[in-house]
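The structure appears right after this line, and notes come after that.
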Amino acid sequence: MIGFTERWLRLAAGLLLGGLTALAGLACVLGGWVRRLTTRRPSAVPASALRLAELERRRLAVFHAVEVDAPRGGPAAFGYLAARWPLGLFGLLVLLTALVALVYASVLLWAWFVLEPNDPADLVFSGLGGLFLLFLCAQGGLGLAQLDEQLARRHLGPSETELLRRRVGELAATRAGVVQAVHDERRRIERDLHDGVQQRLVALGMLLGRARRATDPAKTDALLRQAHEESAHALTDLRETAWRIYPAALDERGLAAALEGLAERSVVPVEVTYELDGTPPPVPVQTVAYFVAAEAVTNTLKHSGATRAGIRVARQGDDVVVRIEDDGSGGAPRRPAAGGLLGLSRRVAALDGRLDVDSPPGGPTVITAELPCA
């Protein structure tokens, strides 16, 4: 109830302030037109136009929770004020009508005790009419707020050229990030092969060479047993490396099975909650979702000292949301500048998604990835 009342009070305050600024905007527009006529300079714009447009932008942000860009220049600000002043004055009219409607609606509460009506039906009809008019004013106020937002975005928001320029910049940055992420992944695979599988194979070759040169059958048998154990370790390392590159279960049985396999391989207990029903997400989305979870679990094992972790995959509108939480010590940066989390943010950005890291000192750490499917 408090939130509902606060919302309507903010809307009324926004309309009231918007009406007052509309009067100032009308004066600014009239002054600007007079200045253009007297100076014969079509491009002449009052300096107050920019200040008033900036005030309108802040009003929209505070009272209507609408964020728009700063005015692009004097002509854009002047055009916005010229188009908006009738809307602001109409907002004042709606507020005045709402006050009258509120008075009539309140008749149902106090008139029975203060007045002595000859016909109670008149009071009832007056009160109900006031309530209906108040409802219409509320809907009109909401409509005016929406029109105000659209008008501000039309005049103060970025132009189509600016939006296209921003989008091109985002795509260029995303492409560079993906290229760097692929490069980092190749280096990680090379390190895994060099430090893991290659060392195992070198040790295996040395054991087999010693077994060939040995003359004592007992020593030969012992060396062959060690070589057999080393070959088993090498196969395990090779399977682990292949799993980290791309799990076969992701293609064969889907994201849920891949995450279950990730949980089974983890040293720390990991609870998987998979809440995606119906049509599975596209393969690129499943792949990124898996690697987000895998990297988060890896960071849990390496850095956080956690005793448990949880992975939750759910759908939120058109997005797939992957949430990984652990009970570790926290301290991970919200905006990673290096390491595995930076690679994850680049993977997520390549799908126009969003990665959020919430890891206060002392924990817990929560990593959330929102991956659009539309």
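Put simply, the amide H of Asp327, placed in the peptide plane, has neighbours under 5 Å in Thr307, Arg308, leaving out anything fewer than 5 places away on its chain.
Is the C-alpha gyration tensor of the stretch 247-301 telling us rounded, prolate or oblate? Criteria: a/c under 1.5 is rounded; beyond that, a/b larger than b/c is prolate, otherwise oblate. Because a/c hits 1.5 or more and a/b exceeds b/c, the stretch 247-301 counts as prolate. With 0.36 nm allotted per residue and the present C-alpha distance subtracted, the Thr236-Glu6 stretch has 76.6 nm of extension available. For the stretch 253-372, the residue among Val321, Val288, Thr273 whose Cα projects farthest onto the positive side of the dipole built from Cβ charges is Val288. The length gained on full extension between Val283 and Gln146, counted as 0.36 nm times the residue separation minus their Cα-Cα distance, comes to 45.5 nm. Annotation: the residues Val288, Val283, sorted from fewest to most other C-beta atoms within 10 Å of their own C-beta, follow the order Val283, Val288. Each label point was placed 7 Å from the Cα along the Cα-to-Cβ direction; for Ala121 and Gln316 their separation is 5.6 nm. Net charge in the neighbourhood of Glu260 (other residues with Cβ under 12 Å of its Cβ; Lys, Arg +1, Asp, Glu -1) is 0.
You can think of it this way: the chain between Leu102 and Arg191 has 24.7 nm of extra reach, that is 0.36 nm per residue less the Cα-Cα gap. The alpha carbons of the stretch 253-372 occupy a box of 39, 29, 21 Å along the principal axes, longest dimension given first.
Can you give the net charge of the other residues whose Cβ lies under 10 Å from the Cβ of Arg354, counting K and R as +1 and D and E as -1? Value of the local net charge: -4.
FYI, it's all coordinate maths here, none of it is from the lab. Just so it is clear, the structure is predicted and the values come from calculations on it, not from any experiment. Reconstructed Cβ throughout: ideal geometry from the backbone, glycine too, with neighbour counts over all protein chains shown.
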